[in-house]
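Quick notes on the structure that follows.
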Amino acid sequence: MSLNEDLLCRAFAEKIRRSAEFLAWVLNRTKFSEHRLSARLLYEEQVRSRPSVLPENWWRHWWCKIPGSGKEGETDIFLVFEVHETKKRFALHIENKKDSEFLD
């Protein structure tokens with residue numbers, strides 16, 4: 001059975017949502033690593049912000065403005081977090097490049 005991009009993205013997003021250990025592991029590999037233990041995924045807020053999208057697709061295909069370019073682009077996985085202590089928010093935009101040679 002071949003896994004398609006949406007299935008891989010869904011598995012990744014749901015693992016982030018359900019596993020604090022995986023969330024910390026992912027955040028530890030970003031510029032937000034200092035928040036790996038205190039950031040909370042804003043899952044419910046993401047679901048509510050797009051009522052026309054099925055709740056199980058809360059992570060999927062968000063359109064975002066690209067800073068400095070004025071252009072917009074779609075991202076495979078969009079995750080919004082809030083830091084408990086400061087209430088500041090940040091987001092991760094994740095692209096799935098399953099069949100790409102982008103990274104060796």
Exercise. Within the chain, how many lysine pairs that are 8 or more places apart, or on different chains, have C-alpha atoms less than 30 Å apart?
Worked result: 21
Problem set entry | Protein accessible area in the chain, 1.4 Å probe - carbon and sulfur % | 54 percent
For this session: Return a whole-number percent for the relative contact order of region 13-104, with Cα pairs under 8 Å and 6 or more residues apart as the contact set.
Result: 21 percent
For this session: Can you work out the accessible area per residue across the chain, with the rest of the protein chains kept in place, probe 1.4 Å, in square angstrom?
Result: 71 Å²
Exercise. If Leu27, Leu37, Leu54 are ordered by their accessible area, calculated over protein heavy atoms with a 1.4 Å probe, which sequence runs from highest to lowest?
Worked result: Leu37, Leu54, Leu27
For this session: Identify the trypsin sites (Lys or Arg not before Pro) of region 40-87 meeting these criteria: DSSP loop state and at most 14 other C-beta atoms within 10 Å of the C-beta.
Result: Lys71, Lys87
Seminar exercise, completed: Calculating semi-axes √(5λ) of the Cα gyration tensor in Å from this structure picks out, from (1) 32, 13, 9; (2) 21, 17, 16; (3) 64, 20, 12, entry (2)
Problem set entry | DSSP-assigned coil residues among GluC sites (Glu not before Pro) in region 10-104, each with at most 15 further Cβ atoms within 10 Å | Glu85, Glu95, Glu101
For this session: Evaluate the charge dipole of the chain about its Cα centre and quote only its size in Debye, nearest 20, assuming +1 on the Cβ of each Lys and Arg and -1 on the Cβ of each Asp and Glu.
Result: 420 debye
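The values are calculated or read from the model by the stated rules, or taken from the named source; none is laboratory data. Small disclaimer: the values here were computed from a predicted structure and weren't measured. All Cβ positions, glycine included, derive from the backbone under ideal geometry; neighbour counts span all protein chains shown. Keep in mind that these areas ignore ligands, DNA and RNA; they rest on the heavy atoms of the full protein, side chains included. Shrake-Rupley method; radii C 1.70, N 1.55, O 1.52, S 1.80 Å.
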